[in-house]
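The structure appears below as C-alpha cells.
The values are calculated or read from the model by the stated rules, or taken from the named source; none is laboratory data. None of these values were measured; they are calculated from a predicted model. Because the Cβ atoms are built from the backbone with ideal geometry, glycine has one as well, and the counts that use them run over all protein chains shown.
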Amino acid sequence: MAGPTTAERGERQKLRSGPPRPPRQMRLRRLRVLIALLVVLVLAGAGAVWLLYGSQWLRVERLSVSGTRVLTPQQVREAADVPDGTPLVSVDTDAVEARLLRRLPRIDSVDVVRSWPHGIGLKVTERTPVLVVRSPGKGGKGNGGDKGGKGDMYVEVDAKGVRFATVPTAPKNVALLELTPSRTAALRRFPTDRLVREAVRVAGDLPASVARATRTVKVRSYDSISLELGDGRDVEWGSGEKGRAKARTLTALMKAAPKARHFDVSVPTAPSSAGS
C-alpha cells in the first residue's frame, strides 16, 4: 500500500503546527490599541475622582429640611453640622443621622440623602408627646401635686416612653402623668421607667373620646393606673394589660351609665360604675 503523498504530508504538518501566526505589524497594532484603552481608563478614573473630590461642581451648597413641627429648620441644620463646600460624595450620611439623633432628642428618625449636584436633604420625623411629667420649680408639688408651682417645667414623653424634651408649658390636649409609686419591693420589680411605659401604653389604648377628655393619668403601681377626666369623672384602669378589651368595655359602660362619675374596668369582664 502506497504511503501519503507529499501534498498530504504537507497538509498534516500545517494542522499540527496550528494556524499561521499574525504578522508582527498586526501584533504591534493590537498592543497599541490595548495601551490606548488603558490610558483612557486611567484618565477617566482620574477625571472622575477630580470631579467628585477636587472640583467645585459637586459640593454642598444647601441643606434642605422637611418634616419639622416644633424644631426649626435652622436648628436642624446647625445640629447636622455639614460645612458648606464639603464634597458631596464625602458626606457620611450615617454620621449626620447619628449626630442629629444625639443632639436633638426631639427627633425620632431622620433620613439623610444626597441631592445631586449641590444638596443634602434632611427629612425629619419628630416625636409626639402622649403624656407630660411635671418637673417642679419653686413652689411646685412635683409629680404628686395637682397644681403646678411657679417655675414648673414639663417633660414630654412619647409613645415609646422616651422623655425627649422639657418645655415651660404643657402641650394642649396632652394628659399629665403623675407617678406616686410606693417604696416597696414592687417598685424594685417595676422601676419608674417601666411604670412610665405602662402609662404610655394605657394612654395609647384609650378610646378617642376618653383620651381627649383625660387630664391626668395616675400611676400608683404596675397594676393600679387610673384616669382623671376634665369633667370630674374618673376611671380605674388597673394594669396596662388587656387594653383593647378595657377600652371597649369603658365605651359601653359610659353609654350605659351616662351620669356615672366613677368607672372601674380593671377587670374588663366585670366592670362597674357608681355615682351620679
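What to note about this one:
- Within the range 212-265, the residues that satisfy the criterion of being closer than 13 Å to Ala175 by Cα and of a type outside the set (A, V, I, L, M) are Arg212, Thr214, Arg215, Thr216, Lys218, Ser226, Glu228, Gly230.
- Scope the range 206-233; condition in contact with a Gly (Cβ under 7 Å, 6 or more places away or on another chain) and crowded, with 19+ Cβ neighbours inside 10 Å; matching residues: Ile225
- Hits in the range 160-184 - residues which are under 15 Å from Thr214 (Cβ atoms) and either surrounded by fewer than 18 Cβ atoms within 10 Å (Cβ to Cβ) or modelled with pLDDT under 90 (or both): Pro171, Lys172, Asn173
- Residues of the range 243-276 that are of a type outside the set (Gly, Ala, Ser) and crowded, with 17+ Cβ neighbours inside 10 Å: Lys246, Thr249, Leu250, Leu253, Met254, Phe263, Asp264, Val265, Pro268, Pro271.
- Considering (1) part of a strand (DSSP E or B); (2) under 22 Å from Val155 (Cα atoms), the lone condition that Arg69 does not fulfil carries the number (1).
- Of the residues making up the range 68-102, those that are surrounded by 15 or more Cβ atoms within 10 Å (Cβ to Cβ) and of a type in the set (Lys, Arg) number 2.
- Checking every residue in the range 97-117 against the condition of being at pLDDT 95 or above, polar (S, T, N, Q) and either part of a strand (DSSP E or B) or within 21 Å of Arg201 (Cβ to Cβ) (or both) gives at least one match.
- Qualifying residue in the range 118-125 (condition: modelled with pLDDT of 95 or more, out of contact with any strand residue (DSSP E or B) (no Cβ under 6 Å at 6 or more places or on another chain) and of a type in the set (A, V, I, L, M)): no
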